[in-house]
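Written below as structure tokens is the structure these notes are about.
The values are calculated or read from the model by the stated rules, or taken from the named source; none is laboratory data. In this text, all values refer to a predicted model and were calculated from it rather than measured experimentally. Reconstructed Cβ throughout: ideal geometry from the backbone, glycine too, with neighbour counts over all protein chains shown.
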Amino acid sequence: MNVVVIQGVLSRAPELRALPSGSSVAVLELTADHPTGRVTVPVAWFDPPAKANFEAGAEVVVTGYVRRRFFRSGGATQSRTEVVADTVVPANARVRARKAVEQAINVVAEGLGG
């Protein structure tokens, strides 16, 4: 089961990139608190809605999954581990954030057989 829920602050403004396929991806950098300290998590959000206009410092809730992708750079194969977002919701939109988290929990529950 590969399900992620993260609540944190955008370390910088999202960067929107056009892909050769015609799709777009918003690249986010999220800083979250963890019992071992603060962690920075790269997030890729494919084809975000046009109304999704977040700024650096915004607190958000992200649901999605972890992936590791491989690519060639400088003549060598490299990799990057990131979260692929299904939803990104402002943390102060409590009803929407709660619904996104509940959907992630349901995915886990279904994977566990009930």
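Things worth noting here:
- Flag not set for Thr87, criterion: loosely packed, with under 15 Cβ neighbours inside 10 Å, at pLDDT 90 or above and β-branched (Val, Ile, Thr).
- Of all residues in segment 32-78, those that are assigned to a strand (DSSP E or B), of a type in the set (Gly, Ala, Ser) and either farther than 25 Å from Lys99 by Cβ or touching a His at 6+ places or on another chain (Cβ under 8 Å) (or both) total 3.
- Residue check, Leu10 surrounded by 12 or more Cβ atoms within 10 Å (Cβ to Cβ) and farther than 25 Å from Val108 by Cα: yes
- Residue that is nearest to the chain's Cα centre (by Cα), among those in segment 79-114 that are over 25 Å from Ala50 (Cβ atoms) and assigned to a strand (DSSP E or B): Thr81
- Among (1) surrounded by fewer than 17 Cβ atoms within 10 Å (Cβ to Cβ); (2) in a strand (DSSP E or B); (3) of a type in the set (D, E, K, R) - the single one Glu29 does not satisfy: (1)
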